[in-house]
Amino acid sequence: MKRRALLLCVVILIQLFVTGCWSRRELNDLAIAVGIGIDKIGDQYQVSAQVVLPSQIAGSKGGSPQSPVNLYKATGNTVYEALRKITTLSPRKIYISHLRILVLGEDLAKEGISSVLDFMSRDTDTRNDYFIVVAKDTKAEDTLKILTSLEKIPAVRLFSSLETSEKQWAPTSTVTLGTLITELVSKGKNPVLTGVVINGNVDVGQTQKNVETVDSPTELKYSGLAVFKEDKLIGWLNPEESKVYNYLTNKVKSTVFYIQCPEGKKVSLDVFEAHSKIKGSMHNDNPEISIEQHIESDIGEVQCRNLDLTNPKTITELEQIANHKVVHLFETTIKKVQQEFKSDIFGFGEVIHRSNPQAWKKLKDNWDQTFVNLPVSVKTDIKIRQLGKVTNSFLEEMK
Amino acid sequence: MLEKGKLSTRQLTILVMLLTIGDSILVIPPSTTHYARQNAWISTLIGMVIGLLAIYMYSRFIKLYPKLTLIEAIQKAFGKWLGTVLSLMTLMFFLIVTVGSMREVSDFVIAEMLPGTPIPPILTLFILIVIMATRLGIEVLGRTGEIFTPMIIILFLILTVAIVPQMDIVRILPILEDGIKPVLRGSISITAYTFLEPVVFLMVLPYVSQQQKITKGLLLGCLLGGTIIFLTLTVSILVLGPDLTTRDIYPSYNIARRISIGGFFERVEALIALQWMLTLFIKVTLFFYAFILGLSQLLKLKEYRVLTLPTGLILVSLAPIIAPNFTYYNTVFDNYWVYYVITFGLVLPLVLLGVAMFRRALSKDLKSQN
């Protein structure tokens, strides 16, 4: 009897522990931040958090129309401090496990991004499933203010559109924290981040007006890639050059480019598979890189009038024109990055590291200098496969 | 007889496998990768080979000290005074490993899953189950291991397969770029921590029902456990790369966080953590049991169950004290623990074997003289 009573007491006491209530965080004590922006003001960090208002997202019977998100910002000596300071403005503590986008201000990027990244990698609440972008010609907090249609939460829109544009058009690059840190640490590759711009007026962008009209006055747009040397932003690539980066790093899933047919008008090729093989080798203590790019494409659009697509010779001709164009594009971009930016964003250093580890030991400390004059040979192998639904364009008949 | 239960060979294999996985699956990747970088997978293979040799040595133990547990064997080999001293030291070893593993449990839970919760409540819950398992005996533990195994295997497979899209083979290249030395240095910690801990089974071997199949059982368990550790480490390097594996405190948890299938099978890391909780439980219980049983044998008690509750209490109080912070614990682990385990996992059994063989040779000599 005594033993049973004791057992009962123990069981009841255990219930105090098993509910996991010790350090509970109730859902309505959390402000779920989907977007974080970090700017540098003087030597202080300004952290802005785009927080979801659940009442506006769930259910369609909202009372007065309110914005689906709120922006809270605070300034502090460190990122962690600034984030906690936000509680002086927000009724809840910021919860960043559901983060979708991290926007770094351009000023911060020029000074160096590594100081803010440690917090993101150390905090237990953060994960690896959000993207990092740089705000171009604007402050990071402004990019989080713009309301978007089709996707109520702007940060989610930033996330989806970065992912989609990388898959479909390829001038943008999705970068997660793990990749960024690995590239920052690596001596053979420098990181890139995609740039986000605001087209239009920020003040109009944060109001409901932005989503009321058919043509939104203010829009968030992704531009080319930001080139980093060590952890500092040194320049931007235009969309064409950004595509070359994506080709070389095997990130292109699908894209479109045009070539000129013999009569001068344009043919669009729809790339559905792209694969690049980069080989490194050493010749007399000098590293060399050779690139082989394979592209599989279909004819997407024909604007030429005299193009006979039923003739295999035409296809071969078009392939040759495409090869010339792409080789030229690769070579000019690589040269520009080598000479203007002097930063190995393509990872040629890592290629040499893998192919000639002994030689890399000597090269790795001044790789960025060796990179400037690195001989790179490019070979492309573009194949045109399908034609779409029709063979020759009707333009041919329209004489 | 203090222990009336019997272990089947399969249960022995399973327990060895789960002990080998233990908490190594969580803490070994950063430690090994720190030295061996992307070649840490080779370190694992080296460790496994040494582990198999050690297991072979343990199996010789049965022939020379039949039906005796480690503590009883020490007393037989070294007599009353030296034997008692050595037994106490061995028991201390078991106790410290138990506390260390419990500290691992609480560190992991606090760092990743329940931040803000203090150590004692987490460990109290944990130790209550351990005490219950110990009181019920080794046979119950073996059966529990059998029940856990399918779940552990399935969770492990989910983790490994679901993360394949995020693997990149280039992260494991170049192979052996700095030669074999860093790989060997990396294999020291993995050998000691993962593969020499089955020494605890020397306390349990007399209770295996089929004595002649012990060697096979132990070897198979070591092989299976080693394979899982090897796969975990290789996956770590393939997904995170050597740099992130070293820097993360629990890289396997990080990998579990990255699982994302079809956009809906996400955020399943707690499920994978369940697997680690189970293997950690087996490890703590085995060492706890070894300590209790050994102490009872040393003190010639009739019943070992009385010791469980007080020891549990002591452990829960010890766990927060053994290291003031994580860095201290890590430094001790990396630099000193290794040699501690080698002493008791390798040197002690070797010495015991040596003494037994010497005695045998001596008695044969005497017999032949008569």
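The values are calculated or read from the model by the stated rules, or taken from the named source; none is laboratory data. Bear in mind the structure is a predicted one, so any value in this text is a computation, not a measurement. Backbone-built Cβ (ideal geometry, glycine too); neighbour counts: all protein chains shown.
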From (1) in contact with a strand residue (DSSP E or B) (Cβ under 7 Å, 6 or more places away or on another chain); (2) over 24 Å from A:Lys361 (Cα atoms); (3) not in a strand (DSSP E or B), pick out the condition that doesn't hold for A:Ile198.
(3)
From B:Thr311, B:Thr331, B:Thr285, residue being more than 14 Å from every other protein chain (Cβ to nearest Cβ), surrounded by fewer than 16 Cβ atoms within 10 Å (Cβ to Cβ) and hydroxyl-bearing (Ser, Thr, Tyr):
B:Thr331
Given (1) over 30 Å from B:Leu173 (Cβ atoms); (2) touching a Ser or Thr at 6+ places or on another chain (Cβ under 8 Å), number of the condition B:Trp41 does not satisfy:
(1)
Residue satisfying all of: in the range A:143-167; over 21 Å from A:Ser48 (Cα atoms) and more than 13 Å from the chain's Cα centre (by Cα); farthest from the other protein chains (Cβ to nearest Cβ) among these
A:Ser149
Please specify each residue of the range B:215-272 satisfying the condition of being within 14 Å of chain A (Cβ to nearest Cβ) and among the charged types (D, E, K, R).
B:Asp243, B:Arg247, B:Asp248, B:Arg257, B:Arg258, B:Glu266, B:Arg267, B:Glu269
Checking A:Glu241 against (1) among the acidic types (Asp, Glu); (2) part of a helix (DSSP H, G or I); (3) farther than 22 Å from A:Pro171 by Cα, which test does it fail?
(3)
Take the conditions of a type outside the set (D, E, K, R) and either surrounded by fewer than 18 Cβ atoms within 10 Å (Cβ to Cβ) or assigned by TED's automatic domain parsing to the domain that holds A:Thr182 (or both) and apply them to A:Ser297. Does it pass?
no
Of the numbered conditions (1) surrounded by fewer than 16 Cβ atoms within 10 Å (Cβ to Cβ); (2) within 11 Å of another protein chain (Cβ to nearest Cβ); (3) in contact with a Gly (Cβ under 9 Å, 6 or more places away or on another chain), B:Ile110 satisfies every one except a single condition; which is it?
(1)
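Could you list, in sequence order, all residues of the range A:162-178 that are over 20 Å from A:Glu241 (Cβ atoms) and surrounded by 19 or more Cβ atoms within 10 Å (Cβ to Cβ)? Don't jump to the end; show me each part of the working.
The first filter runs over the range A:162-178 and keeps only residues over 20 Å from A:Glu241 (Cβ atoms), leaving A:163-164, A:176-178.
Residues satisfying the conditions are A:Leu177, A:Gly178.
Does B:Glu177 satisfy being out of contact with any helix residue (DSSP H, G or I) (no Cβ under 7 Å at 6 or more places or on another chain), modelled with pLDDT under 90 and within 11 Å of chain A (Cβ to nearest Cβ)?
Here the answer is no, as B:Glu177 does not meet what is asked.
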So, in the range A:174-185, how many residues would count as being closer than 13 Å to A:Phe228 by Cβ and part of a loop (DSSP other than H, G, I, E, B)?
1
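Touching a residue at least 60 places away in the same chain (Cβ under 8 Å), surrounded by 21 or more Cβ atoms within 10 Å (Cβ to Cβ) and within 14 Å of chain B (Cβ to nearest Cβ), is that true of A:Leu99? Let's see the steps before the verdict.
Numbers: touching a residue at least 60 places away in the same chain (Cβ under 8 Å): yes; surrounded by 21 or more Cβ atoms within 10 Å (Cβ to Cβ): yes; within 14 Å of chain B (Cβ to nearest Cβ): yes.
It is true that A:Leu99 is touching a residue at least 60 places away in the same chain (Cβ under 8 Å), surrounded by 21 or more Cβ atoms within 10 Å (Cβ to Cβ) and within 14 Å of chain B (Cβ to nearest Cβ).
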Can you report the number of residues in the range B:121-172 which are in contact with a strand residue (DSSP E or B) (Cβ under 7 Å, 6 or more places away or on another chain) and not in a helix (DSSP H, G or I)?
0
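Within the group A:Trp360, A:Trp367, which residue is over 26 Å from the mean Cα position of the chain (by Cα), buried (at least 19 other Cβ atoms within 10 Å of the Cβ) and of a type outside the set (D, E, K, R)? Talk me through it step by step, then tell me what you get.
Values: A:Trp367 fails: over 26 Å from the mean Cα position of the chain (by Cα).
Matching residue, one of A:Trp360, A:Trp367: A:Trp360.
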